[in-house]
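Asks: Next up is a structure, given as structure tokens.
The values are calculated or read from the model by the stated rules, or taken from the named source; none is laboratory data. Fair warning: this is a prediction, and the values are worked out from it, not measured in the lab. Glycine gets a Cβ as well: all are built from the backbone with ideal geometry, and neighbour counts include every protein chain shown.
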Amino acid sequence: MLTSKELLEKIVSQLKKRVASLTVSETDKWSSLYQQSGKRFAYYSFAKKSAKISFWCA
């Protein structure tokens, strides 16, 4: 079973194939996905002790 961090890395890898110039910004609490224009289109957080990821899309 994958950890939430490993699952998140797979999701971002797949998104990068479909979203032009996708970038990821990580902080201690939240992380964000940005499009080519620099516009944030999603936030995410993941649990460190369980396989749980939460996404909030703009």
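Asks: Consider the range 5-28. How many of its residues are outside any helix (DSSP H, G or I), touching a strand residue (DSSP E or B) at 6+ places or on another chain (Cβ under 7 Å) and under 19 Å from Lys52 (Cβ atoms)? Outline the logic, then answer.
Replies: The first filter runs over the range 5-28 and keeps only residues outside any helix (DSSP H, G or I), leaving 19-28.
Then keep just the ones that are touching a strand residue (DSSP E or B) at 6+ places or on another chain (Cβ under 7 Å); that gives 22-25.
Still in the running and under 19 Å from Lys52 (Cβ atoms): 24.
Residues that pass the stated criteria total 1.
Asks: For a quick check of your reading of the model, give me the residue pairs whose first member lies in the range 25-40 and is within 13 Å of Cys57 (Cα to Cα), whose second is among the aliphatic types (A, V, I, L, M) and loosely packed, with under 10 Cβ neighbours inside 10 Å, with beta-carbon atoms closer than 9 Å and at least 6 apart or on different chains.
Replies: Gln35/Ala20; Lys39/Ala58; Arg40/Ala58
Asks: What's the number of the only condition in (1) in contact with a Cys (Cβ under 9 Å, 6 or more places away or on another chain); (2) modelled with pLDDT of 85 or more that Tyr43 fails to meet?
Replies: Tyr43 satisfies every listed condition except (2).
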